Every structure is written in structure tokens, then in C-alpha cells.
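Take a look at the structure set out below.
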Amino acid sequence: PIYLAIVGHVFDVTAGRAYYGDGGGYSFFSGTDGARAFVSGNFSEDGVVDTVDDFDYEQILGVEHWLKFYQTENEGQKYFQVGLLVGRYFDREGQPTKAMHMYWDRVKEAKAYEEKKKQETNVWPNCDSRWEQGKGTTYSCLHDKVPRKLTPLIKYDKTIRCACFKKDDLSPPPGKSIAVYPGCDAEDS
């Protein structure tokens, strides 16, 4: 059998021997908890590790996506959970450790934050952007709105985006700061 783990959950991936077995493109995941590499893309020995506590919300949701994939969403259920890995996320009795509780809390926070971002996008929609050689990127908005660079002030959100603001209300959403893009006049639409 071939096993891999992600945040302490062990899966039998023997049905994917061509991928996870010796010489397979994902063989580095076999026999270890490589949760970090599922999202970071660092498939070196230093990258295929179980630590994700420094991940931002988007990365945490990426890890959770892969965990759910192996638990339920894989094609024809060819991979299945066979146990828990004693270590960072589970103790010898199979009980969640502090690290597992922290992971679950981060997933919950990330999901709530993503929902908040969706609602934010309804009020401050994304700008249109266009790149031209020699000019670079230009940003625009419709309906008497102006483009602004929206930057999060929250530690675990690293998503910077262009958002459209009403000219008469340039108040940023809670936990965000706004700035004028280089080359944009403060009144540009």
C-alpha cells in the first residue's frame, strides 16, 4: 500500500500508484505529511512538511481543499482515509492536538473572511484593468466610480486588489486601506 498524509489524516492512495509510487510525479508525498507542499508548490525535502501555521487565509483554504479532496471529492472514491498520523495534529490516542485545533480555527476564520470579502466585493466591485505595451496597466471603473488600490491590514490576508469607489465616498472597508494607483489622477475614473 501507498499512504500519504495531510494535516494528520492518512490516506491510502495505492490506486494512484502511477502518481504516488516510485518514479511517479507525486511520489514525494508518499509516506509523509506534506500538507505545506500541497499549496506552496515547494516539493523539495524542506517543503514537503506538515507545518501550515504561517499560511494566510487563501493558503489555509487551499490545504482544506486538498484534505476534502482526499476525504470525499476524489474521482470514484479511489483514495480513502485509513487513519490518523501521531505527531503535530493528533496524539497517540487519536485525539486532536493544540495544533489541530488551531488549524480548525484558522479554517473557520478563513471561511468567514472569504464570505466577508464576497460581500465587500458587492459594495466595492473589482476594477477593469487593461495592459498595453509601452503604457503598462491602466485601471477603470464604470458608473462614476474611481479605481483604488485596496490593501488588507489583516495579518492573514495578503490579497491586494483594485476596487471601484464612489467619487463622493472614498471610505475604505473595515480592515483595509486604499491608495491611488501610480499614474492615476485622484479624480480619474
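The values are calculated or read from the model by the stated rules, or taken from the named source; none is laboratory data. Predicted model only: the values in this text are computed from it and were never measured. Using ideal geometry, Cβ is built from the backbone for each residue, glycine included, and neighbour counts are taken over all protein chains shown. Just so you know, the surface numbers come from the protein's heavy atoms only, side chains and all, with ligands and any DNA or RNA stripped out. Shrake-Rupley method; radii C 1.70, N 1.55, O 1.52, S 1.80 Å.
Which distance in nm do the two modelled labels at Thr151 and Asn74 give, with both placed 7 Å along the Cα-to-Cβ direction?
Calculated label separation equals 4.2 nm.
Mind giving me the nanometre distance, one decimal, between the label points for Tyr19 and Glu109, set 7 Å out from Cα along Cα→Cβ?
Taking the simple label geometry, Tyr19 and Glu109 are separated by 3.1 nm.
List the equivalent ellipsoid semi-axes of the stretch 12-73 in whole Å, largest first, each obtained as the square root of 5λ for an eigenvalue λ of the Cα gyration tensor.
For the stretch 12-73, the semi-axes come out at 20, 15, 8 Å.
Compare the Cα positions of Gln95, Trp66, Asn122 along the charge dipole of the chain (+1 at Cβ of Lys, Arg; -1 at Cβ of Asp, Glu; about the Cα centre) and return the one farthest towards the positive end.
Towards the positive end, the residue furthest out is Asn122.
How far, in nm, would the chain grow between Lys116 and Asp128 when pulled straight, counting 0.36 nm per residue and subtracting the alpha carbon separation?
Numbers: separation 12, 0.36 × 12 = 4.32 nm, distance 2.15 nm.
So the extension gain works out to 2.2 nm.
Normalised by the number of residues in the chain, what is the relative contact order in percent for Cα pairs under 8 Å and 6+ residues apart?
Rounded, it is 16 percent for the chain.
Taking K and R as +1 and D and E as -1, what net charge do the other residues with C-beta under 10 Å from the C-beta of Val48 add up to?
Residues near Val48 contribute -3 overall.
Which aspartates and glutamates have a Cα lying under 19 Å from the Cα of Lys98, excluding residues fewer than 8 positions away in the same chain?
Output for Lys98: Asp33, Asp50, Asp53, Asp54, Asp56, Glu64, Glu109.
Toward the positive end of the charge dipole of the chain, about the Cα centre and with charges on Cβ (Lys, Arg +1; Asp, Glu -1), which of Ser177, Val107, Leu142 goes farthest?
With unit charges placed on the Cβ atoms, the residue in question is Leu142.
Could you check how much of the accessible area of the chain is carbon and sulfur, as a whole percent, using a 1.4 Å probe?
51
Would you mind working out the accessible area per residue for the stretch 17-166, using a 1.4 Å probe, and quoting it in Å²?
Values: 9320 Å² over 150 residues.
It amounts to 62 Å² per residue over the stretch 17-166.
Over all directions, average the projected area of the Cα convex hull of the stretch 75-189 and note it in nm².
Mean projected area of the Cα convex hull: 12.0 nm².
All other residues with a Cβ under 9 Å from the Cβ of Cys162 taken together, and with Lys, Arg as +1 and Asp, Glu as -1, what is their net charge?
Here the count lands on +2.
Can you list the lysines whose alpha carbon sits under 16 Å from that of Lys145, skipping same-chain ones fewer than 8 residues off?
Lys166, Lys167
State which stretch of the chain is the longest one without any exposed GluC sites (Glu not before Pro), exposure meaning a DSSP loop state and at most 10 other Cβ atoms within 10 Å.
Looking at the chain, 94-186 is the longest stretch - no exposed GluC sites (Glu not before Pro) with at most 10 other Cβ atoms within 10 Å.
For Lys111, go through the lysines and keep the ones whose alpha-carbon is under 19 Å away, minus same-chain ones fewer than eight residues off.
Lys68, Lys155, Lys158, Lys176
Once the Cα gyration tensor of the stretch 1-116 is found, what semi-axes does its equivalent ellipsoid get, as square roots of 5 times the eigenvalues, in whole Å, sorted largest first?
The equivalent ellipsoid of the stretch 1-116 has semi-axes of 23, 16, 14 Å.
With charges only on Cβ, +1 for K and R and -1 for D and E, what is the dipole size of the stretch 111-171 about its Cα centre, in debye, rounded to 20?
My answer is approximately 200 debye.
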